[in-house]
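> Attaching a single structure in structure tokens format; questions to follow.
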Amino acid sequence: MSDFFDALETREPAARETELMAALPRQIAHAQARSPAMAEILAGVDAATITSRAALARLPVTRKSELLVRQQASRAAGRDAFGGFAALRYGAAMPRLFASPGPIYEPEGTARDYWRSARALFAAGFRAGDLVHNAFSYHMTPGAFIMESGAHAVGCTVFPAGTGQTEQQLQAIAELRPQAYLGTPSFLRILVEKALDAGTDISSLVKGLVGGEAFPPSLRDWFGQRGMAVYQSYATADVGLIAYETAAREGLVLDENCIVEIVRPGTGDPVAEGEVGEVVVTVLSPDYPLIRFGTGDLSAALPGACPTGRTNTRIKGWLGRADQTTKIRGMFVHPGQVAEIVKRFPEVRRARLVVSGEMANDRMKLLVESAGAQGLGERVAEAVRDVTKLRGEVEVVAPGSLPNDGKVIEDARSYK
């Protein structure tokens with residue numbers, strides 16, 4: 001039995017990059033032709049010239065907040081519910097559509113394994129003939145369908161358990177004897193604890209793939225002590241599977257059918273390998289062709305290849321949220337403004353805005369990494385006032401001294 005879902009997972013990295021960059025201009029041209037929103041966002045872009053990551057990085061990032069604003073405006077005007085982002089229309093080509101908080105509406109196409117989750121299930125040990133207990137929600141949001149479609153592509157049978165009704169779920173597990181679990185890690189723990197309390201035999205569950213929440217190693221080990229090998233996946237309702245865990249337990253391997261960048265929060269500028277930044281995804285989907293979609297999630301690329309033999313880039317997993325917009329003295333300050341300040345000073349590599357004090361008595365200090373330059377603090381302070389319309393202190397710190405946690409704005413105020 002193969003250890004890999006397909007041959008794409010073990011391609012030479014150079015071959016993978018060549019194939020992705022060859023697909024990129026075609027995808028951009030398709031998005032411009034079929035997605036009115038992307039055509040507007042990418043107006044003036046010659047798709048044929050976007051054949052490298054450097055060229056891709058010059059395109060604008062479309063963040064979830066902008067997607068929501070465009071959808072709301074479109075719906076208010078009685079137009080497309082998807083804000084012009086979808087290349088599909090209602091009918092046989094769109095069997096389902098879903099709603100995420102906002103609400104943001106997402107289409108589903110007809111392609112087998114449309115959300116590309118099969119790769120993650122296979123890496124977690126799911127195999128043809130398995131019965132899968134799917135405890136992701138089947139109500140409005142696409143989570144359950146993201147995983148169900150992947151399970152079908154692997155060759156599994158799915159019991160659509162959904163959420164809640166713990167006693168009935170335990171009864172179904174005891175009677176149907178599924179081998180695998182899909183759902184959030186917290187709900188799986190609830191099921192296991194209630195089964196132990198009630199004396200219900202759910203020992204058939206020996207593997208699982210979880211998502212939607214943080215999955216700390218302590219909880220992973222807790223399941224392992226109870227006979228379950230549980231792995232994590234990283235997917236969103238907008239772009240489907242982004243990355244997945246393998247048996248090596250060393251980060252998450254990127255999916256083969258999307259292009260992932262890690263950028264400095266508030267910008268579209270890629271960061272160095274290992275530096276924490278926002279996950280930006282260009283998905284190679286003809287149905288919902290999002291180009292440089294900012295997920296709002298923080299992560300970082302890991303060096304080297306996965307010990308399992310998969311050769312794609314690995315990321316650390318979910319490390320928090322990139323949207324650090326903060327209200328200071330009645331004014332909103334967002335990461336993009338900090339980035340604008342930094343761009344005015346070539347001698348500044350990174351910056352971190354620290355807000356302290358108590359609510360209604362805010363103090364603002366911008367820490368900037370620099371080897372030092374005459375009068376730099378005073379010049380940066382002027383830029384702070386110009387960009388944010390607020391006064392704040394500036395402290396020049398040594399290069400490399402700011403934490404590598406993706407934070408551009410740190411809210412250290414007391415809320416007591």
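Only the coordinates and a few stated rules stand behind these numbers; no lab work does. Because the structure is a prediction, the values reported are computed rather than measured. Glycine also receives a Cβ, built like all others from the backbone with ideal geometry; neighbour counts cover every protein chain displayed.
> Of the residues that sit in the stretch 86-131 and are part of a loop (DSSP other than H, G, I, E, B), of a type in the set (Lys, Arg) and touching a helix residue (DSSP H, G or I) at 6+ places or on another chain (Cβ under 9 Å), which one is farthest from residue 5 (Cα to Cα)? Spell out how you get there, then give the answer.
To start, the set of residues in the stretch 86-131 that are part of a loop (DSSP other than H, G, I, E, B) comprises 86-90, 92-93, 95, 101-103, 109-117, 124-130.
Add one more test, that the residue is of a type in the set (Lys, Arg), and what stays is 89, 112, 116, 127.
Still in the running and touching a helix residue (DSSP H, G or I) at 6+ places or on another chain (Cβ under 9 Å): 112, 116, 127.
Details: 112: 15, 116: 11, 127: 10 Å.
Among them, the one singled out is 112.
For every residue, the table says whether it meets (1) of a type in the set (A, V, I, L, M); (2) more than 21 Å from residue 147 (Cα to Cα).
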site: 218; (1), (2): no, yes
site: 222; (1), (2): no, yes
site: 246; (1), (2): no, no
site: 264; (1), (2): no, yes
site: 272; (1), (2): yes, yes
site: 283; (1), (2): yes, no
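> Tally time: how many residues in the stretch 7-47 are touching a residue at least 24 places away in the same chain (Cβ under 8 Å) and assigned to a loop (DSSP other than H, G, I, E, B)?
Residues in the stretch 7-47 being touching a residue at least 24 places away in the same chain (Cβ under 8 Å) and assigned to a loop (DSSP other than H, G, I, E, B): 4 in total.
> For the stretch 293-300, indicate whether the set of residues that are surrounded by fewer than 20 Cβ atoms within 10 Å (Cβ to Cβ), outside any strand (DSSP E or B) and in contact with a Lys or Arg (Cβ under 7 Å, 6 or more places away or on another chain) is non-empty.
Checked the stretch 293-300: no residue is surrounded by fewer than 20 Cβ atoms within 10 Å (Cβ to Cβ), outside any strand (DSSP E or B) and in contact with a Lys or Arg (Cβ under 7 Å, 6 or more places away or on another chain).
Each row is one residue, and each column tells you yes or no for (1) surrounded by 14 or more Cβ atoms within 10 Å (Cβ to Cβ); (2) closer than 22 Å to residue 119 by Cα; (3) of a type in the set (Gly, Ala, Ser).
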| site | (1), (2), (3) |
| --- | --- |
| 169 | yes, no, no |
| 172 | yes, no, yes |
| 196 | no, no, no |
| 200 | yes, no, no |
| 230 | yes, yes, no |
| 261 | yes, yes, no |
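Condition check ((1) touching a strand residue (DSSP E or B) at 6+ places or on another chain (Cβ under 7 Å); (2) of a type in the set (Asp, Glu); (3) buried (at least 17 other Cβ atoms within 10 Å of the Cβ)) across all residues:
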| site | (1), (2), (3) |
| --- | --- |
| 102 | no, no, no |
| 111 | no, no, no |
| 121 | yes, no, yes |
| 166 | no, no, no |
| 193 | no, yes, no |
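Conditions (1) part of a strand (DSSP E or B); (2) in contact with a helix residue (DSSP H, G or I) (Cβ under 7 Å, 6 or more places away or on another chain); (3) loosely packed, with under 14 Cβ neighbours inside 10 Å; (4) β-branched (Val, Ile, Thr), marked per residue:
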site: 327; (1), (2), (3), (4): yes, no, yes, no
site: 332; (1), (2), (3), (4): yes, no, yes, no
site: 337; (1), (2), (3), (4): no, yes, no, no
site: 349; (1), (2), (3), (4): no, no, no, no
site: 355; (1), (2), (3), (4): yes, no, no, yes
site: 365; (1), (2), (3), (4): yes, no, no, no
site: 374; (1), (2), (3), (4): no, no, yes, no
site: 378; (1), (2), (3), (4): no, no, yes, no
site: 386; (1), (2), (3), (4): no, no, yes, no
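> Residues in the stretch 147-168 that are touching a Lys or Arg at 6+ places or on another chain (Cβ under 9 Å) and either of a type in the set (Asp, Glu) or more than 17 Å from residue 207 (Cα to Cα) (or both): how many? Give the steps one after another, and end with the answer.
First, the residues of the stretch 147-168 that are touching a Lys or Arg at 6+ places or on another chain (Cβ under 9 Å): 149-150, 152-156, 166-167.
Pick out the ones that are also either of a type in the set (Asp, Glu) or more than 17 Å from residue 207 (Cα to Cα) (or both) and you get 149, 153, 166-167.
Summing the residues that are touching a Lys or Arg at 6+ places or on another chain (Cβ under 9 Å) and either of a type in the set (Asp, Glu) or more than 17 Å from residue 207 (Cα to Cα) (or both) in the stretch 147-168 gives 4.
> Only one of these conditions is not met by residue 382: (1) more than 28 Å from the chain's Cα centre (by Cα); (2) touching a residue at least 12 places away in the same chain (Cβ under 8 Å). Which number is it?
(2)
> Filter the stretch 1-13 down to residues that are of a type outside the set (Phe, Trp, Tyr) and within 24 Å of the chain's Cα centre (by Cα), then give me how many there are.
6
> Can you pull out the residues in the stretch 50-66 that are in a helix (DSSP H, G or I), in contact with a helix residue (DSSP H, G or I) (Cβ under 8 Å, 6 or more places away or on another chain) and under 15 Å from residue 283 (Cα atoms)?
53, 56 - these are the residues of the stretch 50-66 that are in a helix (DSSP H, G or I), in contact with a helix residue (DSSP H, G or I) (Cβ under 8 Å, 6 or more places away or on another chain) and under 15 Å from residue 283 (Cα atoms).
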